[in-house]
Amino acid sequence: MKINYFVGLICLIVFLGSCNTTQNAPVEVVSVAGEDTQIVNPVVITDTTLNDTDDPAIWINKADPSKSLVIGTDKGDSTGGIFVFNLEGKLDKSKSIYNLKRPNNIDIEYDFGYNGKTIDIAVFTERGRNMIRVCSLPDMKFIDNGGIEVFVGDTLRDPMGISLYKDPESTKVYAIVGRKTGPNGSYLWQYELETTSDGVTAKKVREFGRFSGKKEIESIVVDDELGYIYYSDETAGVRQYYASPDRGNQELALFATSGITSDHEGLSIYPTSKNTGYIILSDQQANKFQIFRREGDSGNPYHHPLIKVVRVAAMESDGSDVTVNYLNSTFKHGLFVAMSTDKTFHFYRWEDIAGENSGTVNSAQVIRQ
């Protein structure tokens, strides 16, 4: 997953041609001691998928945010799919893709250079074919000439997690790909996406990533603005690295090492400015999400303290995504999407995740920008 953050704090809805800072300003999380005991319910539950939902991604329609899409993977071994939903949770069969071999995780990038123009793309892992797949958006048409093989030459393949990173200076787009199992130190491979006359290809530029050996690594999120990669080392913690392959493979942080019931899973980032916001982690078996400070502590950007724990109705959530953007009258301060094991995705208003009175800035309760 990655940050969906197009616009500044003064006006988050320039796409609609108006500016309403009361409706559209990012909402900060109410900081609480301990955790919320009340279950947060979604405002939308999607149509069901065929097999096993796993990971969602939110595509923002720049011309009309109310027509934005939620795209989710469904992990059937030979009947898997990429399911496309509108903001009411209704399945768009014309855009959905069927008969895939265990599609696992998915991410979205905007303004990717392709054949002399820029397009939006969705990239997902097709685990049963050891490939990543690239589609144009919003039509969901393949532009990868049949797929891009990953982990070539390695005995450990089975691609699972994926997140995209666009370098803000070079505008190069990279795919960071994880796998079912992998060695400590090179669990993740990073690929630069390139365009040829045949479509999109990929060039490996990096191997990195420590692994505890306890379970597996699946969920990955990239913070383009701050230049970091975070990934869940299940049952061990969340690890942080530089996103640029030129900045080295030093691990910058390992956090969320306690207080998780079992698996560390879905990761997403809600920004409140270019430099501040929240890292959201699924405590899968507890049906909870833990919220950490994105910018870290003063003087230590790599210490991410826990701010809040939220109980949700989604069951054993594997993957999540979030956007700060105003989408419609329901999702005024952003949308948080969580996968649920009942073959659905749950859509939450961000302010419901942030907490009661979250729109009221109170220095005793809320972390200020």
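Give, as residue ranges, the strands (runs of 3 or more DSSP E) completely inside segment 145-199 that count at least 2 residues that are surrounded by fewer than 22 Cβ atoms within 10 Å (Cβ to Cβ) and modelled with pLDDT under 95.
Per the criteria, no element qualifies.
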I'd like to check something: does segment 242-264 contain any residue that is in contact with a Ser or Thr (Cβ under 7 Å, 6 or more places away or on another chain) and surrounded by 15 or more Cβ atoms within 10 Å (Cβ to Cβ)?
yes
In segment 147-187, anything touching a residue at least 40 places away in the same chain (Cβ under 8 Å), in contact with a Phe, Trp or Tyr (Cβ under 6 Å, 6 or more places away or on another chain) and under 19 Å from R127 (Cα atoms) is listed as Y174, A175, V177
Hits in segment 92-129 (condition: among the acidic types (D, E), within 20 Å of the chain's Cα centre (by Cα) and either on the phi > 0 side of the Ramachandran plot or outside any strand (DSSP E or B) (or both)):
D111
Based on what the data block shows, is D47 charged (D, E, K, R) and either assigned to a strand (DSSP E or B) or modelled with pLDDT of 95 or more (or both)?
yes
Looking only at segment 314-340, and only at residues there that are hydroxyl-bearing (S, T, Y) and closer than 16 Å to I82 by Cα, the one that is surrounded by the most Cβ atoms within 10 Å (Cβ to Cβ)
S320
Taking segment 193-233 and keeping residues in contact with a His (Cβ under 8 Å, 6 or more places away or on another chain) and not small (G, A, S) leaves D233
Looking at D223, is it crowded, with 19+ Cβ neighbours inside 10 Å, farther than 16 Å from Q190 by Cβ and among the charged types (D, E, K, R)?
no
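Does K75 qualify as being surrounded by fewer than 16 Cβ atoms within 10 Å (Cβ to Cβ), out of contact with any helix residue (DSSP H, G or I) (no Cβ under 6 Å at 6 or more places or on another chain) and more than 19 Å from L335 (Cβ to Cβ)?
no
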List every residue pair whose Cβ atoms lie under 6 Å apart, where the two residues are 6 or more positions apart in sequence or sit on different chains, the first residue falls within segment 296-314 and is farther than 23 Å from A338 by Cβ, and the second residue, located anywhere, is hydroxyl-bearing (S, T, Y).
G296/Y302
Number of the condition not met by G355 [criteria: (1) small (G, A, S); (2) out of contact with any Asp or Glu (no Cβ under 8 Å at 6 or more places or on another chain); (3) modelled with pLDDT under 95; (4) under 19 Å from I39 (Cβ atoms)]
(2)
Against the conditions (1) over 21 Å from S78 (Cα atoms); (2) surrounded by 23 or more Cβ atoms within 10 Å (Cβ to Cβ); (3) not hydrophobic (A, V, I, L, M, F, W, C), where does T125 fall short? Just the number, please.
(1)
Considering every residue within segment 325-335, establish whether at least one is of a type in the set (F, W, Y) and touching a Leu at 6+ places or on another chain (Cβ under 6 Å).
yes
Which of the residues that make up segment 242-285 are of a type in the set (S, T, Y), in contact with a Gly (Cβ under 7 Å, 6 or more places away or on another chain) and under 24 Å from P56 (Cβ atoms)?
Y270, S282
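The values are calculated or read from the model by the stated rules, or taken from the named source; none is laboratory data. Keep in mind that this is a model prediction, so the values were computed, not measured. Neighbour counts run over all protein chains shown; Cβ positions are idealised from the backbone, glycine included.
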